[in-house]
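Peer 1: A single structure is presented below for examination.
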Amino acid sequence: MTDTQFPNEVQPFSIEGANVRGRLVRLGQAYGEILGSHDYPEPVGNLMGELTTMTAALANSLKYDGLFILQTQSDGPVSMMVVDVTSDGTIRGYARHDSDSFAAGYEIDKAVPHIMGSGHIAFTVDQGPDTERYQGITELEGASLAECAQSYFRQSEQLETALLLTSDAANKRAAALMIQKMPATGEGAEQRLKLTPEEDDESWRDAVILMSSMTTEELLDPGLSSWDLLYRLYHETGVRLYDNKPLKFQCRCSAEKVLATLASFSPEDLADMKSDDGLIVATCEFCLTEYKFDDDSLAAHRAR
Ligand SMILES: [Zn+2]
């Protein structure tokens with residue numbers, strides 16, 4: 001089923017009378033296209049939905065021009081996941097998993113320490129060749145991806161963050177609701193309301209409590225708009241919505257980029273990649289597009 005009603009967007013907002021801002025991300029078709037023909041077991045597809053919407057929420061809260069990447073690496077059944085989103089709003093991602101762990105009849109524990117194991121999650125901002133890459137890395141600490149991200153923000157960024165992630169791979173709908181306490185110093189600090197520390201803490205706690213009343217059913221309900229959801233949650237305090245940003249799936253692979261990568265491989269590695277008809281076959285891990293080259297086209301690329 002293609003779900004044209006469900007939004008593909010990030011909706012930024014702030015809560016009136018509090019130093020709290022947030023992002024609501026909901027992805028339907030874009031999430032479906034990321035799952036594509038990967039044929040992930042359902043728990044893997046659901047994790048991808050969580051990571052995808054979380055990446056979009058975090059990316060939208062940063063000022064950058066280029067690429068924001070979230071990548072996990074761990075020793076469990078889901079050993080690697082990556083999602084990247086451009087400042088233009090195109091998003092893509094894929095996961096690597098051990099098929100045997102998801103074989104029929106095997107019930108997998110969906111808590112992060114089991115399904116992903118121990119490892120780390122890396123946040124990268126890449127703004128092009130002549131700029132410095134920003135990277136933050138943290139251990140996977142928590143029962144869910146949301147908890148892992150929350151502990152990252154608390155420890156590394158000293159930024160109070162509450163995150164709600166949900167996804168339904170079968171119906172291709174995923175959502176993230178994130179609120180953050182506005183920083184007291186640094187960028188954005190000048191927008192803070194002048195509240196006493198007690199008022200500040202109380203309004204943050206209230207925002208978190210209200211947020212936790214949101215159900216996953218509501219977040220994934222195609223009959224409710226982003227405005228409906230945020231109004232339901234915060235109508236008593238008041239909520240302000242900013243321009244929403246549409247997101248769409250798009251891969252950035254090309255024959256040219258694949259050739260450039262292959263040109264750095266050893267002859268032995270290339271020989272291993274050859275099909276019976278002597279062509280070098282390389283598949284884009286994001287979109288599964290298959291690229292085929294003969295020795296001559298690779299030689300021609302190297303000669304340039
Ligand atoms: Zn691709």
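The values are calculated or read from the model by the stated rules, or taken from the named source; none is laboratory data. Just so it is clear, the structure is predicted and the values come from calculations on it, not from any experiment. Because the Cβ atoms are built from the backbone with ideal geometry, glycine has one as well, and the counts that use them run over all protein chains shown.
Peer 1: Which of the residues that make up the range 34-63 are under 23 Å from Ser101 (Cβ atoms) and out of contact with any Leu (no Cβ under 9 Å at 6 or more places or on another chain)?
Peer 2: Leu35, Asp39, Pro41, Glu42, Pro43, Val44, Asn46
Yes/no per residue for (1) touching a residue at least 40 places away in the same chain (Cβ under 8 Å); (2) under 30 Å from Ser14 (Cα atoms); (3) not in a strand (DSSP E or B); (4) not assigned by TED's automatic domain parsing to the domain that holds Ile209:
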| site | (1), (2), (3), (4) |
| --- | --- |
| Asp228 | no, yes, yes, no |
| Tyr231 | no, yes, yes, no |
| Thr237 | yes, yes, yes, no |
| Thr261 | no, no, yes, yes |
| Glu268 | no, no, yes, yes |
| Gly278 | no, no, yes, yes |
| Ala282 | no, no, no, yes |
| Glu285 | yes, no, yes, yes |
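Peer 1: Continuing with this model, one more query. Pairs, please: C-beta under 9 Å, at least 6 apart or cross-chain, first residue assigned by TED's automatic domain parsing to the domain that holds Ser156 and under 10 Å from Thr72 (Cα atoms) and in the range 130-142, second assigned to a loop (DSSP other than H, G, I, E, B) and polar (S, T, N, Q)?
Peer 2: Glu139/Ser118; Leu140/Ser118
Peer 1: Residues to consider are Val78, Val44, Val20, Val85; find the one that is β-branched (Val, Ile, Thr) and closer than 23 Å to Val208 by Cβ. It would help to see each step written out before you state the result.
Peer 2: Details: Val78 fails: closer than 23 Å to Val208 by Cβ; Val44 fails: closer than 23 Å to Val208 by Cβ; Val85 fails: closer than 23 Å to Val208 by Cβ.
Answer to the check: Val20.
Peer 1: Just to be sure before I move on: is Glu217 outside any loop (DSSP other than H, G, I, E, B), within 16 Å of the ligand (Cβ to nearest atom) and loosely packed, with under 15 Cβ neighbours inside 10 Å in the structure I sent?
Peer 2: No; evaluated as a whole, the condition is false for this residue.
Peer 1: Okay, moving on. Could you list, ordered by first residue, the pairs with Cβ atoms under 9 Å in which the first is in the range 73-93 and more than 17 Å from Pro43 (Cα to Cα) and the second is within 14 Å of the ligand (Cβ to nearest atom) and among the basic types (Lys, Arg), at least 6 apart or interchain?
Peer 2: Qualifying pairs under 9 Å: Asp84/Arg92; Asp84/Arg252; Val85/Arg92; Thr86/Arg252; Thr90/Arg252; Arg92/Arg252.
Peer 1: Go through the range 271-288 and count every residue that is surrounded by 15 or more Cβ atoms within 10 Å (Cβ to Cβ) and within 8 Å of the ligand (Cβ to nearest atom).
Peer 2: Summing the residues that are surrounded by 15 or more Cβ atoms within 10 Å (Cβ to Cβ) and within 8 Å of the ligand (Cβ to nearest atom) in the range 271-288 gives 4.
Peer 1: Kindly evaluate Asp75 against the criterion of being surrounded by fewer than 13 Cβ atoms within 10 Å (Cβ to Cβ) and touching a strand residue (DSSP E or B) at 6+ places or on another chain (Cβ under 7 Å).
Peer 2: When the stated conditions are applied, Asp75 passes them.
Peer 1: Report, by residue number, each residue of the range 240-258 that is away from the ligand (no atom under 14 Å from the Cβ) and either part of a helix (DSSP H, G or I) or under 25 Å from Gly49 (Cβ atoms) (or both). Before the answer, list the steps.
Peer 2: Of the range 240-258, the ones away from the ligand (no atom under 14 Å from the Cβ) are 240-248.
Within the range 240-258, Leu241, Tyr242, Asp243, Asn244, Lys245, Pro246, Leu247, Lys248 qualify.
Peer 1: Being surrounded by 14 or more Cβ atoms within 10 Å (Cβ to Cβ) and within 12 Å of the ligand (Cβ to nearest atom) is the filter here, so list the residues in the range 290-304 that pass it.
Peer 2: Tyr291
Peer 1: Go through the range 72-100 and give me each residue that's farther than 22 Å from Ala59 by Cα and among the charged types (D, E, K, R).
Peer 2: If the condition is that a residue be farther than 22 Å from Ala59 by Cα and among the charged types (D, E, K, R), then Asp75, Arg96, Asp98, Asp100 are the ones that fit.
Peer 1: Residue check: is Gly105 surrounded by 15 or more Cβ atoms within 10 Å (Cβ to Cβ) and either under 21 Å from Ala169 (Cβ atoms) or of a type outside the set (D, E, K, R) (or both)?
Peer 2: Criteria not met by Gly105.
Peer 1: I would also like to ask the following. Which one is surrounded by the most Cβ atoms within 10 Å (Cβ to Cβ) among residues in the range 166-190 that are aliphatic (A, V, I, L, M) and touching a Ser or Thr at 6+ places or on another chain (Cβ under 6 Å)?
Peer 2: Ala174
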